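What follows is a short report on a single structure.
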Amino acid sequence: MFRRFCNTIARFMYGRYGNDQLNRGLFVLYFCVWLLSLFFRQVLFGWLFAVLLWAILGWLLFRTFSRNIPRRQAENRWFLDRWNRIKRWCTHQFTRVKDIRRYRYRRCPACGAMLRLPIKRGRRTVTCHRCRGQFKAFFL
Ligand SMILES: [Zn+2]
């Protein structure tokens with residue numbers, strides 16, 4: 001019985017896109033909007049949350065059952081590009097906080113590289129490891 005059900009689902013999903021990172025992100029977004037709606041439904045317009053939740057759910061289901069796989073893959077690549085940038089930025093901020101007692105981070109004005117510099121108080125000249133350019137930095 002269960003096996004037959006699984007086979008039916010597998011046959012239905014054949015040639016369809018299925019799940020990916022963007023769909024998981026949409027699911028998390030759906031959950032967050034749903035949580036927000038629990039708190040702010042009375043204050044703001046309740047129908048606004050309902051429309052938003054149905055739109056997210058509709059997009060999620062559309063992507064899952066879509067047969068246009070290259071287009072869905074392109075959307076996922078677009079999403080992953082943005083998501084990885086945000087993730088990298090958050091990781092960098094976390095590392096900065098972790099290193100706050102020993103290092104300071106400065107951006108090279110010539111090439112834009114982020115430099116991790118040991119703290120030596122006062123004004124000093126820094127040499128970039130990437131472009132070998134020098135610039136003045138001040139440490140409190
Ligand atoms: Zn540089």
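The values are calculated or read from the model by the stated rules, or taken from the named source; none is laboratory data. Every value quoted in this text rests on a predicted model; they were computed, and no experiment measured them. Here the Cβ positions follow ideal geometry from the backbone for every residue, glycine too, while neighbour counts run over all protein chains shown.
Which of the strands (runs of 3 or more DSSP E) contained wholly in segment 70-130 include at least 2 residues that are touching a residue at least 12 places away in the same chain (Cβ under 8 Å) and aromatic (Phe, Trp, Tyr)?
103-107
Take the residues of segment 1-46 that are in contact (Cβ under 8 Å) with a residue 24 or more places away in the chain and in a loop (DSSP other than H, G, I, E, B): which is surrounded by the fewest Cβ atoms within 10 Å (Cβ to Cβ)?
Out of the qualifying residues, it is 15.
Determine whether segment 48-71 contains at least one residue that is assigned by TED's automatic domain parsing to the domain that holds residue 10 and under 15 Å from the mean Cα position of the chain (by Cα).
There is no residue in segment 48-71 that is assigned by TED's automatic domain parsing to the domain that holds residue 10 and under 15 Å from the mean Cα position of the chain (by Cα).
So which residues in segment 1-52 are touching a helix residue (DSSP H, G or I) at 6+ places or on another chain (Cβ under 8 Å) and among the charged types (D, E, K, R), if there are any at all?
Result: 16, 20, 41.
Inside segment 118-140, can you point out the residues that are under 18 Å from residue 99 (Cβ atoms) and within 13 Å of the ligand (Cβ to nearest atom)?
Listed by number, the residues that qualify are 126, 129, 137.
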